[in-house]
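Please read the structure below before turning to the comments.
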Amino acid sequence: MPRTREHTDFGFRRVPLEHKQALVDDVFHSVARRYDLMNDLMSGGLHRAWKDALVTAVNPPPARRAQQPKASAQPFALLDLAGGTGDIAFRMLEGAASGTRATVVDINADMLAVGRARAAARGLDDAITFAFGIRNVPRIAAALGEAYRVLRIGGRFHCLEFSTVDVPGLAALYDFYSFNVIPALGRAVTEDADAYRYLVESIRRFPRPDAFAEMMRAAGFARVSFQRMSGGIVALHSGWRL
Ligand SMILES: C[S@@+](CC[C@H](N)C(=O)[O-])C[C@H]1O[C@@H](n2cnc3c(N)ncnc32)[C@H](O)[C@@H]1O
């Protein structure tokens, strides 16, 4: 009997699991040049506030002023998964203490191992961030398991992702905006409406915040918490490796 192929969501389409990554790669190849501009346009700049909330949650050590005594805190290392254009890493390093490091990883598993080795060798305080990326990976549970594996004990994982709007009036408005305005904007700015149709569909397929928190616990994370932002458009999930 032939083996049944495993399928997964690519937006609202069901695709063989092994095809998803190539489809996602096409999306980001197509929009990369205008990716940052589109984020500002689509969200009216709100993505900056969501990302700032992620930086606040990570809380990298701030740079000291000249007259302040030298801090004795150990250096801080950040591993930013699906880091794309480096937007999270740049924000994290802005105003951070010297010695703070950020490693940006984007679809390259070997980078995870490098980050882990560096952090372990230096006894660094470390954190992993994953912003607007986990929704795209074919095996979300496996990605969470890897994030857990490469964190040192005491390290923290923060995942910023689109979530579920629960405010009744806002939900209808958000759906209208998502399915009508965003693809049209995507076509005008990147000449690729499909990439942005995929964005809005993939958001609808992503687990609700309580279900995602449960997936994090299943991957081993402790003290899992989440914070909804902008009426649930986005949620920031955090957990520790203890
Ligand atoms: C929506 S962008 C987010 C970029 C950045 N984190 C930000 O918030 O601006 C999603 C990123 O995930 C990356 N990506 C998709 N699948 C991935 C995978 N399996 N592993 C690592 N990165 C992946 C894409 O290449 C893309 O750069």
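The values are calculated or read from the model by the stated rules, or taken from the named source; none is laboratory data. Small disclaimer: the values here were computed from a predicted structure and weren't measured. Ideal geometry is used to build each Cβ from the backbone, glycine not excepted, and the neighbour counts take in all protein chains shown.
Within segment 130-173, the set of residues being surrounded by fewer than 14 Cβ atoms within 10 Å (Cβ to Cβ) and within 12 Å of the ligand (Cβ to nearest atom) comprises Ala142 only. Listed conditions (1) in contact with a helix residue (DSSP H, G or I) (Cβ under 9 Å, 6 or more places away or on another chain); (2) surrounded by 12 or more Cβ atoms within 10 Å (Cβ to Cβ); (3) of a type outside the set (A, V, I, L, M); (4) modelled with pLDDT of 90 or more are all met by Tyr35, apart from (4). For residues in segment 99-129 being within 10 Å of the ligand (Cβ to nearest atom) and of a type outside the set (A, V, I, L, M, F, W, C), which is modelled with the lowest pLDDT? Among those that are within 10 Å of the ligand (Cβ to nearest atom) and of a type outside the set (A, V, I, L, M, F, W, C), it is Asn108.
In segment 5-31, the residue that is surrounded by the fewest Cβ atoms within 10 Å (Cβ to Cβ) out of those that are within 19 Å of Phe162 (Cα to Cα) and more than 10 Å from the ligand (Cβ to nearest atom) is Phe12.
Contact map, segment 8-24: residues that are touching a residue at least 12 places away in the same chain (Cβ under 8 Å) paired with residues that are part of a strand (DSSP E or B) and polar (S, T, N, Q), Cβ distance under 9 Å, separation 6+ or inter-chain. Pairs shown: Leu17/Thr8; Lys20/Thr8.
Scan Tyr198, Tyr148 and give me the residue that is in contact (Cβ under 8 Å) with a residue 24 or more places away in the chain, within 24 Å of Ser30 (Cβ to Cβ) and among the hydroxyl-bearing types (Ser, Thr, Tyr).
Only one candidate qualifies: Tyr198.
Across segment 63-98, the number of residues qualifying as among the basic types (Lys, Arg), away from the ligand (no atom under 12 Å from the Cβ) and modelled with pLDDT of 80 or more comes to 0. The conditions of being without any contact (Cβ under 8 Å) to a residue 12 or more places away in the chain, within 30 Å of Ala188 (Cα to Cα) and more than 10 Å from the ligand (Cβ to nearest atom) are not met by Arg34. Please go through segment 37-58 and give me each residue that is within 17 Å of Ala89 (Cβ to Cβ) and within 11 Å of the ligand (Cβ to nearest atom), ordered by number. Within segment 37-58, Asn39, His47, Arg48, Trp50, Lys51, Leu54 qualify. Considering segment 190-200, and only residues there that are touching a Ser or Thr at 6+ places or on another chain (Cβ under 9 Å) and either in a helix (DSSP H, G or I) or over 22 Å from Arg13 (Cα atoms) (or both), the residue that is modelled with the lowest pLDDT turns out to be Thr190. Only one of the numbered conditions (1) closer than 25 Å to Val27 by Cβ; (2) at pLDDT below 95; (3) surrounded by fewer than 17 Cβ atoms within 10 Å (Cβ to Cβ) is not met by Leu185, and that is (2).
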